[in-house]
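None of the figures in this text is laboratory data; all of them are computed from the coordinates on show. Every value quoted in this text rests on a predicted model; they were computed, and no experiment measured them. All Cβ positions, glycine included, derive from the backbone under ideal geometry; neighbour counts span all protein chains shown.
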Amino acid sequence: MGRQQSQSSRCILRKIPFEGGRLLLTCDRIRDGHPWGGLVYYVPKNGKPRKLSLHPMYNFWDIQSGDVDGDGKPEIALCTWSKTRIVPIYARRYFVYGWDGHDVYPRWRGSRLSKPYVQARLVNLQGEKGMILLAVEITRNGRKCLTAYRWNDFGFTGLAGGDEHEFITLVPNSDNKPWVRMKDSGKPASLYAVQIENDRITLTRHLHPASNELRITTHNLRITTHAPRRSESK
């Protein structure tokens, strides 16, 4: 029997509000820590879901909406596990799509960030016109670091970089604040706010955020923070 492609038979990875309705990210299966066959549905309020024209071969595993260029219109950002024609090796890549009111259209399909990444999210940073892309990346010695990217006319370019850490993870929250949880030198993990000073990322310990600010889903974090050895070695 062939694989079922209906929405109801697929694994739901993420639901996010979008343009009076919501976006639903689904996959066909999860193998070796990665969702495969990702599809995105738009579910209008009081309407039927419709599948967007996004190719399942990109294996989308995380989704977010935000205004990357500051024009007041939302974009849809997707983390992928995919190949390219030039680099036919599976790796984590980052795509941005525009929205025409009915479907998506490509704005940027990055072949890579500056280093292999573990997580990537759009965040609001004071003083920036559009949202910043903040990524947890893997250094050559296997440690983690933060890198920030700013949108220009054709895609994201590097804005700032941070120090290496033993452990660092992005913390999703309702206001898309640049929060991370970081652990170093045998100390317990703590919550930090990200700031950029002179092209460098600095971390300020953030104490006791309001409980309703944090929106953490263990299942989603387990998927998005897993760093497969295959991508680390590239």
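Shown for His34, His102: other C-beta atoms within 10 Å of each C-beta, ranked fewest to most, produce the order His102, His34. Panel order for Met57, Met131, by other beta carbons found within 10 Å of each beta carbon, from fewest to most: Met57, Met131.
Using a cut-off of 14 Å between beta-carbons, work out the net charge of the residues near Asp184 (Lys and Arg +1, Asp and Glu -1, Asp184 not included). Combined, the nearby Lys, Arg, Asp and Glu give +3.
All other residues with a Cβ under 10 Å from the Cβ of Thr80 taken together, and with Lys, Arg as +1 and Asp, Glu as -1, what is their net charge? Taking every other residue near Thr80 into account, the sum is +3. Extension gain for Thr157 to Thr204 (0.36 nm times residue separation, less C-alpha to C-alpha distance): 14.5 nm. Considering only alpha-carbon pairs that sit under 8 angstrom and 6 or more positions apart, the relative contact order computed for the stretch 1-112 is 16 percent. The order of Asp28, Asp71, going from fewest to most other C-beta atoms within 10 Å of their C-beta, is Asp71, Asp28.
In the stretch 16-127, Rg over Rh equals 0.96, where Rg is the alpha-carbon radius of gyration and Rh the Kirkwood radius from pairwise Cα distances.
The overall shape of the stretch 90-173 is prolate: from the C-alpha gyration tensor, with semi-axes ordered a ≥ b ≥ c, the ratio a/c is 1.5 or greater and a/b exceeds b/c.
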